[in-house]
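Structure record follows, encoded as structure tokens.
The values are calculated or read from the model by the stated rules, or taken from the named source; none is laboratory data. Not measured: the values here are computed from a predicted model. Here the Cβ is made from the backbone with ideal geometry for all residues, glycine too, and neighbour counts use every protein chain on show. These accessible areas exclude ligands, DNA and RNA; they are computed on the full protein's heavy atoms, side chains included. Shrake-Rupley method; radii C 1.70, N 1.55, O 1.52, S 1.80 Å.
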Amino acid sequence: MAAKKISKSKEKKLQRKETLAALGEAQMKLTKANQPTNDHLGPFKPFQRFSRNGLNLTIVCEHFANLKDAEFEEIYMLLETNMKKDYDACEWGWNEKEKRTEMKEKNPWFLIARDDTGKLIAFTHFKFDFDEDQEVLYCYEVQVVDEIRSKGVGKFLMQILELIGSSAAMKKIMITVFKHSPRSVHFFKDILKYKDDETSPRFWDPLAEGEYCYEIMSKPLRQMKSATGS
């Protein structure tokens, strides 16, 4: 009996050691990915331009620390224009102060698409972060100006995020989607093939799923040799 207890104790210690080692490795990945000087888009030159469907866009990837105030204001205003109604349609409501803070804190990154005149056409707001002890790329927003929707720009930006996340050795890409936005649900589930994530309310609070206005979706990322910082 004593031998079994000792064996179980050793097994638990080994599991704790392995868990701590994995967390340490994950933290190093996040620290490396979040360096503001990183050129996450550099290794993917074909994705720095979007030239199709009558559009000719230039795409850059910037850490918040490198954005000018005017650039951030453009990004924020596009977000508010596109999303305020969806936020107000559920219990979350639209809170400008909270949203601005969310877009600035914890190492935020932005993919920014502009046309030849310099006009902001689309952006994504994302972060390299922990989720349930896993290193992930979490996409907080993907927004496109209304007049050029359905021309493939949003899909193109999300494909870039998958490349960036894979290059940075993230486990998966995640996003929160409003259930009362059929267009968004269709875009992520049917077009981009995202699945409901295990952290979505339907899994951890199934009896009250209808009380939540959102679902969390994710997609595993193919691991590749990291190009971050190279």
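Quick one: Karplus J couplings for the range 128-134, per residue in order, coefficients 6.51, -1.76, 1.60, θ = phi - 60°, nearest Hz, x for Gly and Pro?
3J(HN,Hα) across the range 128-134, in whole Hz: 8, 7, 8, 9, 6, 6, 10.
In the structure shown, do any of Lys29/Lys84; Lys106/Lys155; Lys119/Lys171; Lys106/Lys193; Lys119/Lys179; Lys29/Lys127 have a Cα-Cα gap over 22 Å, and if so which? Spell out each step's value before the answer.
Working: Lys29/Lys84 34 Å; Lys106/Lys155 25 Å; Lys119/Lys171 34 Å; Lys106/Lys193 28 Å; Lys119/Lys179 31 Å; Lys29/Lys127 13 Å.
Listed pairs above 22 Å: Lys29/Lys84; Lys106/Lys155; Lys119/Lys171; Lys106/Lys193; Lys119/Lys179.
Bin by bin, in steps of 5 Å, what percent of the Cα pairs in the range 107-230 do you find, going until the bin that has the longest distance?
2, 10, 19, 22, 20, 14, 9, 3, 1, 0, 0
Counting each DSSP H run of 4 or more residues in the chain as -39500 (n - 2.57), what helix-only mean residue ellipticity at 222 nm follows after dividing by all residues, to the nearest 500 deg cm²/dmol?
-11500 deg cm²/dmol
Using 0.36 nm per residue of separation minus the Cα-Cα distance, give me the extension gain between Gln27 and Asn66 in nm, one decimal. Walk me through the numbers before you get to the answer.
Details: separation 39, 0.36 × 39 = 14.04 nm, distance 2.27 nm.
Extra length from Gln27 to Asn66 when fully extended: 11.8 nm.
Cα convex hull of the chain: mean projected area in nm², to one decimal? Please list the in-between numbers first.
Numbers: hull surface 62.9 nm².
Hull-based average projected area comes out at 15.7 nm².
If the only charges are +1 at each Lys and Arg Cβ and -1 at each Asp and Glu Cβ, what is the size of the charge dipole of the chain around the Cα centre, to the nearest 20 debye?
On the way: 38 positive and 36 negative charges, 273 e Å.
It comes to approximately 1320 debye.
Positive end of the dipole of the chain, charges at C-beta (+1 Lys, Arg; -1 Asp, Glu), about the Cα centre: which of Ala168, Val144, Trp94 has its Cα farthest in that direction?
Of the options given, the answer is Ala168.
With a 1.4 Å probe and all protein chains left in place, how much of the accessible area of the chain comes from carbon and sulfur atoms, in whole percent? Provide the component values of the computation, followed by the final result.
Working: 6780 of 12990 Å².
Exposed carbon and sulfur together represent 52 percent of the surface.
Can you work out ³J(HN,Hα) from phi for every residue in the range 196-208, in order, using Karplus 6.51 cos²θ - 1.76 cosθ + 1.60 and θ = phi - 60°, giving whole Hz and x for Gly and Pro?
Couplings: 4, 7, 5, 8, 6, x, 4, 8, 9, 9, x, 6, 10 Hz.
Return the FRET efficiency for the residue pair Asp88, Asn56: r is the Cβ-Cβ distance, R0 is 30 Å, and the value is rounded to the nearest 0.05. Please list the in-between numbers first.
On the way: r = 35 Å, r/R0 = 1.16.
Efficiency, rounded to the nearest 0.05: 0.30.
If you count only protein heavy atoms with a 1.4 Å probe, what accessible area per residue comes out for the chain, rounded to a whole Å²? Please list the in-between numbers first.
Working: 12990 Å² over 230 residues.
It amounts to 56 Å² per residue over the chain.
If you plug each phi of the range 73-84 into the Karplus form 6.51 cos²θ - 1.76 cosθ + 1.60 with θ = phi - 60°, what whole-Hz ³J(HN,Hα) values come out, in order, with x for Gly and Pro?
For the range 73-84, the Karplus curve yields 4, 4, 4, 4, 5, 5, 4, 4, 4, 7, 10, 4 Hz.
Sort all Cα-Cα distances of the range 148-209 into consecutive 5 angstrom bins from zero, then give the percent of pairs in each bin up to the one containing the longest distance.
Computed distribution, short to long bins: 4, 14, 21, 25, 18, 10, 6, 2.
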